[in-house]
1. Only residues that are under 28 Å from ALA24 (Cα atoms) and of a type in the set (Lys, Arg): list them for the range 57-113, please.
2. Can you confirm whether SER42 is open to solvent by 50 Å² or more (accessible area, probe 1.4 Å), out of contact with any helix residue (DSSP H, G or I) (no Cβ under 8 Å at 6 or more places or on another chain) and not acidic (Asp, Glu)?
3. Does ALA12 satisfy the condition of being among the hydrophobic types (A, V, I, L, M, F, W, C), free of Cβ contacts under 8 Å to residues at least 12 places away in the same chain and open to solvent by 50 Å² or more (accessible area, probe 1.4 Å)?
4. Would you be able to tell me the number of residues in the range 15-39 that are open to solvent by 50 Å² or more (accessible area, probe 1.4 Å), part of a loop (DSSP other than H, G, I, E, B) and either among the aromatic types (Phe, Trp, Tyr) or under 19 Å from GLY88 (Cα atoms) (or both)?
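The values are calculated or read from the model by the stated rules, or taken from the named source; none is laboratory data. Predicted model, so just to flag it, every value in this text is computed and none were measured. Backbone-built Cβ (ideal geometry, glycine too); neighbour counts: all protein chains shown. Accessible surface is based on the protein model in full, side chains and every heavy atom, while ligands, DNA and RNA are left aside. Shrake-Rupley method; radii C 1.70, N 1.55, O 1.52, S 1.80 Å.
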Amino acid sequence: TCTAGHAQVYCADNNDVVCKPCLAGEFSNSGDYACTACPSGSYSISNSTAVCTMCARGKHGDGNNGADSEAHCLDCPVGKANNLEGEGTAVSCLGCTGGKYAASLASWNCSSC
């Protein structure tokens with residue numbers, strides 16, 4: 001069984017199982033037969049990753065799977081906020097309600113006026 005961050009690949013030539021490292025932008029659990037792309041809202045910057053890193057609060061994923069850098073985590077715009085990590089799209093950035101505002105990019109909460 002391969003460790004997390006690696007996929008089990010069967011080699012017919014020698015009837016053996018080889019552990020292939022997952023690439024940046026992918027992850028796997030121990031014993032997986034394939035690497036999985038990090039879902040939008042997360043990323044992995046190195047090979048052999050067991051868990052993808054979630055985008056921070058105030059940011060969201062670019063809508064694409066397989067991100068290999070934090071650059072795929074985009075800021076919520078001014079006037080909107082997101083207080084959850086790992087959100088996949090811009091719909092997670094919610095507009096501030098009456099009497100509140102988010103004055104900067106990547107806000108994770110709305111402030112009272």
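1. Within the range 57-113, ARG57, LYS59 meet the criteria.
2. no
3. Criteria met by ALA12.
4. 2
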